[in-house]
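A.B. asks: I have a structure I would like to understand better, so I am pasting it below and will then ask my questions one at a time.
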Amino acid sequence: NAGVTQTPKFQVLKTGQSMTLQCAQDMNHNSMYWYRQDPGMGLRLIYYSASEGTTDKGEVPNGYNVSRLNKREFSLRLESAAPSQTSVYFCASSPDRRTIFVETQYFGPGTRLLVL
Amino acid sequence: AQTVTQSQPEMSVQEAETVTLSCTYDTSENNYYLFWYKQPPSRQMILVIRQEAYKQQNATENRFSVNFQKAAKSFSLKISDSQLGDTAMYFCAFMNPSNTGKLIFGQGTTLQVKP
């Protein structure tokens with residue numbers, strides 16, 4: 001049981017390049033989330049997926065797209081990377097929120113992205 | 001909109017002593033959840049403790065406990081018998097369960113435990 005995994009761990013991009021950050025969970029969770037973490041700030045929600053087949057914007061969605069490929073996988077895509085997207089990206093998952101005591105989110109190890 | 005504020009950017013404590021990290025939040029909701037997450041240098045986000053707003057009893061997990069003051073919208077974390085491994089950044093987070101489980105984080109408090 002690996003929990004939440006993310007790839008890659010570290011990536012350097014040039015401005016304008018595209019890339020996809022991968023996230024997978026093996027806990028049979030319904031909900032998945034993408035956050036970014038910048039210095040001096042807490043995590044901010046980019047996109048989330050409440051269940052397979054659905055995605056919604058979070059607090060800072062501009063410049064990103066997501067795909068909920070199946071129940072396990074939730075990817076984040078940068079179509080044209082900008083220096084402002086230099087950050088640490090975290091993926092998280094949580095069980096069905098309709099179940100009592102299930103609101104805890106479990107986080108992956110993070111992806112450090114540097115855009116030059 | 002909900003907001004979470006951690007007013008202590010950095011704190012330090014001697015090993016074996018007790019330290020309290022502060023967190024305040026703003027919401028008009030009555031039913032919600034509060035969390036403390038720990039982020040060590042490895043950057044992994046680790047759940048420390050959580051509190052359901054409808055519970056009056058303060059949550060406790062081993063050396064970690066909270067002081068939840070619902071009327072004051074305050075949610076502080078107390079770490080007893082501090083250990084070197086407690087050195088990390090700590091984030092307070094708020095969740096409105098009717099809002100698809102999205103977490104709203106505070107800015108974080110960096111805690112250093114000194115030997």
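The values are calculated or read from the model by the stated rules, or taken from the named source; none is laboratory data. Quick caveat, the model's predicted, so the values are computed rather than measured. Methodologically, a virtual Cβ is constructed for each residue, glycine included, from the backbone with ideal geometry; neighbour enumeration extends over all protein chains shown.
A.B. asks: Could you grab me the full set of residues in the stretch A:1-58 that are assigned to a loop (DSSP other than H, G, I, E, B), among the charged types (D, E, K, R) and modelled with pLDDT of 90 or more?
C.D. replies: A:9, A:14, A:26, A:38
A.B. asks: For the stretch B:9-26, give me each residue that is buried (at least 17 other Cβ atoms within 10 Å of the Cβ) and in a loop (DSSP other than H, G, I, E, B).
C.D. replies: Once the filter is applied, which keeps residues that are buried (at least 17 other Cβ atoms within 10 Å of the Cβ) and in a loop (DSSP other than H, G, I, E, B), the stretch B:9-26 yields B:22, B:23.
A.B. asks: Right, residue B:73: away from every other protein chain (no Cβ under 14 Å), closer than 26 Å to residue A:40 by Cβ and free of Cβ contacts under 8 Å to residues at least 60 places away in the same chain or not?
C.D. replies: Yes, satisfied.
A.B. asks: Which members of the stretch B:8-55 meet the condition of being hydroxyl-bearing (Ser, Thr, Tyr) and away from every other protein chain (no Cβ under 13 Å)?
C.D. replies: B:12, B:18, B:20, B:22, B:24, B:27, B:28
Residue-wise test of (1) acidic (Asp, Glu); (2) within 30 Å of residue B:111 (Cβ to Cβ); (3) within 11 Å of chain B (Cβ to nearest Cβ); (4) in contact (Cβ under 8 Å) with a residue 40 or more places away in the chain.
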{"site": "A:5", "(1), (2), (3), (4)": "no, yes, no, yes"}
{"site": "A:45", "(1), (2), (3), (4)": "no, yes, yes, no"}
{"site": "A:48", "(1), (2), (3), (4)": "no, yes, yes, no"}
{"site": "A:57", "(1), (2), (3), (4)": "no, no, yes, no"}
{"site": "A:60", "(1), (2), (3), (4)": "no, yes, no, no"}
{"site": "A:64", "(1), (2), (3), (4)": "no, no, no, no"}
{"site": "A:68", "(1), (2), (3), (4)": "no, no, no, no"}
{"site": "A:75", "(1), (2), (3), (4)": "no, no, no, yes"}
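A.B. asks: Before we move on, is residue B:43 out of contact with any Pro (no Cβ under 8 Å at 6 or more places or on another chain) and either outside any loop (DSSP other than H, G, I, E, B) or of a type in the set (Lys, Arg) (or both)?
C.D. replies: No: the conditions fail for residue B:43.
A.B. asks: Which number in (1) part of a loop (DSSP other than H, G, I, E, B); (2) in contact with a Phe, Trp or Tyr (Cβ under 9 Å, 6 or more places away or on another chain); (3) crowded, with 19+ Cβ neighbours inside 10 Å marks the one condition that residue A:81 misses?
C.D. replies: Of the numbered conditions (1) part of a loop (DSSP other than H, G, I, E, B); (2) in contact with a Phe, Trp or Tyr (Cβ under 9 Å, 6 or more places away or on another chain); (3) crowded, with 19+ Cβ neighbours inside 10 Å, the odd one out for residue A:81 is (2).
A.B. asks: Among residues belonging to the stretch A:34-43 that are within 9 Å of chain B (Cβ to nearest Cβ) and in contact with a Leu (Cβ under 6 Å, 6 or more places away or on another chain), point out the one that is surrounded by the most Cβ atoms within 10 Å (Cβ to Cβ).
C.D. replies: Only one residue tops the list, namely A:35.
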